[in-house]
Amino acid sequence: MKKYDGLYIFAGQAKDDVLDGQITKAVAEVTRLGGNILAQEVLGKRTFARPMHKRENGVYVQVRFELDPSKVRELVNRYRLVEEVFRVQILAVDDRREAVLAAQAEAAAKRAAEKAQAEAEEAPAAE
């Protein structure tokens, strides 16, 4: 199984409870094909740069999942039949890049902690 990031756009005026049902339906397609959902995040409602198919805006949702690479094409074809999904983009996750980004984030957090500790030690010494 390989990791993928899916960016889903749900059309228009979706309310919170309706949006949850639409997300559940879209995610169910991944699990139906034998995949696992790792994370999902609602990015919010955004206006399109130009109207598409008489729609001005959509709700963006990012989902990270694992799926057999041979079933990705079938998944995309299934989303063409689901009316609630306005657009979908699926990208493979590069594990090496993810490892580098995690290491950089860890190093940045360590530097911030050391800086905060140094400032805390200097504050009593200045008084």
Any hit, region 23-40, residues being under 17 Å from the mean Cα position of the chain (by Cα) and either hydroxyl-bearing (Ser, Thr, Tyr) or not assigned by TED's automatic domain parsing to the domain that holds Arg80 (or both)
yes
Working only within region 3-21, note down all residues that are modelled with pLDDT under 85 and either closer than 17 Å to Asn77 by Cα or polar (S, T, N, Q) (or both).
Gln13
Taking region 29-48 as the region of interest, how many residues are at negative phi and surrounded by fewer than 13 Cβ atoms within 10 Å (Cβ to Cβ)?
8
Does region 32-42 contain at least one residue that is in a helix (DSSP H, G or I) and within 20 Å of Tyr8 (Cα to Cα)?
yes
Note on region 49-80: residues in a helix (DSSP H, G or I) and surrounded by 12 or more Cβ atoms within 10 Å (Cβ to Cβ) are Lys71, Val72, Glu74, Leu75, Val76, Arg78, Tyr79
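The values are calculated or read from the model by the stated rules, or taken from the named source; none is laboratory data. Everything numeric in this text was worked out from a predicted model, so none of it was measured. Cβ sites come from the backbone with ideal geometry, for glycine too, and all protein chains shown count toward neighbours.
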